[in-house]
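Contents: one structure, followed by commentary.
Any read-out appearing in this document is the output of simple, stated calculations on the displayed coordinates, not a laboratory observation. No experiment lies behind these values; they were computed from the predicted model shown. Cβ placement follows ideal geometry from the backbone for every residue including glycine, while neighbour counts extend to all protein chains displayed.
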Amino acid sequence: MVVAAFVAPYLLEATSRFVLSAAGVPGVRLAVITTEPADRLSPALREALVGHWQIADALDPEQIVDAVRGLSAQFGPVERLIGALEQLQVPLAQARAVLGIKGMSKRVATNVRDKSQMKEVLTAAGVPCARHQLIRHTAEALAFRDLVGYPMVAKPPDGAGAKATFRLDNDADFESWLVAARQDQEEVWLLEEFLTGREHTFDSVTLGGETIWASISDYRPPPLEVLRTPWVQWTVLLPRDVSGPEYAGIRTAGPAALRALGVTDAFSHMEWFERPDGSVAISEVGARPPGAQLASMIGFSYDFDFYATWAELMLKGTFQPRERQYASGTAYLRGMGHGQVRAVHGIDRLQQQLGHLVVDSRLPQPGQPASTSYEGEGFITVRHPDTAVVQEALDTIISTARVELVESQ
């Protein structure tokens, strides 16, 4: 039996699903390291786990090391140390190095976590990505603006999921961002040229340094545009057939990027642009599973349990490549304004038209607080063997469903 520890700062719904799947891997005894007290664990987790260790800060490698040593004293040496969040990858690597546990090194974890270092590595390897500049002083920001011009993107070097990311279209945007950036003299920012074109993902499995399987999806519209227009209802589409010429560039550039970054054994989530001229530019790389329902959609498209498959890859280093059986997609339901959900319109009509296609959903509920995430107040996921059917269904959902928000009393 392999003793393993899963680090999860908070046991929210999505994270708990990863933990439960890892606990179900045959031949594995799993404990969890978390900030949550034991009495907050769900009955399913309490039954599935062999151990629990509470720490104050799940991103502190020293606390992770102490927790692993405590668990090892109870259950035998911990041989695997894993976590699903991007923010955890460097602390996990640091803890593994101290404990002598095999897994991704700190160098590689930093390559995929520090977005400035990532792009320096990719550029040196000849992998196409956005021009960029790490900004510590106003003069550096001004020089990069004069070199690249507008629009630009400003983000923290260790950002994830388009959070704290801003598009700067003109001098007014630039000056506003500069004022905010100067508030903390210790904070470092990353400026990038704004990539144009269609944005996609490249989600892949790498074993022994070789990319052995990959899934591609399409964002409509790109996430940064979603952030700029908080009311827009957006979609992610996984076409059934991704063998066409429009994806040829990423089939070469994606594995090349992972090799350059040093990723050898991992599930990776990559975001990339297909420029107007057809060329490819890598935007982000994370050595972790995707968010925003993409994990579930991949499972629906390939007809397997993504969470269990990820767990087996991380804990046993095994993966069986599969063929895409379906197209799938998710429409994200978002309201305009703030406060809370008052009503959701159009759902009955959608149920009548598209109910046979729906494989997953979380509908906004009256009284629910307005979301602070770009994922919105809810979602609907559909699946069908024909990509055109899925795309038409997604368009129907976002044009029919309307989330009504009202200011809280």
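Side notes on the structure shown:
- For region 131-193, the Rg and Dmax computed from alpha carbons only, in angstrom: 10.5, 28
- Paramagnetic reach from Trp231 (point 7 Å along Cα→Cβ, amide N under 16 Å) across region 322-339: 333-339
- Net charge over other residues, Cβ less than 12 angstrom from the Cβ of Ser42 (K, R count +1; D, E count -1): -1
- For Trp213, nonlocal amide neighbours, meaning residues 5 or more places apart or on other chains whose placed amide H falls under 5 Å from its own, are Val205.
- Within the chain, the longest segment free of exposed loop sites, counting GluC sites (Glu not before Pro) that fall outside DSSP classes H, G, I, E and B and have at most 14 other Cβ atoms within 10 Å, spans 1-185.
- The chain: most fluctuating residue of Ala370, Ala73, Ala95 per GNM, C-alpha cutoff 10 Å: Ala73
- Potential extension, Lys316-Asp360 segment - 0.36 nm per residue separation minus Cα distance: 13.0 nm
- Region 278-338: chymotrypsin sites (Phe, Trp or Tyr not before Pro) falling in loop per DSSP and having at most 15 other Cβ within 10 Å: Phe304
- Taking the chain and dividing mean pair separation by its residue count, relative contact order in percent (alpha carbons under 8 Å, at least six apart): 13
- Computed over the chain, the P(r) tail beyond 30 angstrom holds 46 percent of alpha carbon pairs.
- Note on Asp386 and Thr196: the model spin-label points, each 7 Å out from Cα along the C-beta direction, lie 3.5 nm apart.
- For the pair Arg251 and Ile212, the difference between a 0.36 nm per residue extended length and the Cα-Cα distance amounts to 12.9 nm.
- The string of couplings for region 203-209 from the Karplus curve (6.51, -1.76, 1.60, θ = phi - 60°) is 9, 9, 10, 10, 10, x, x Hz, one whole number per residue in order, with x for Gly and Pro.
- From helices alone, the chain scores -10500 deg cm²/dmol at 222 nm; the rule is -39500 (n - 2.57) for each run of n ≥ 4 DSSP H residues, then divide by the residue total.
- Cα-based Kirkwood hydrodynamic radius, region 198-406, one decimal, Å: 17.9
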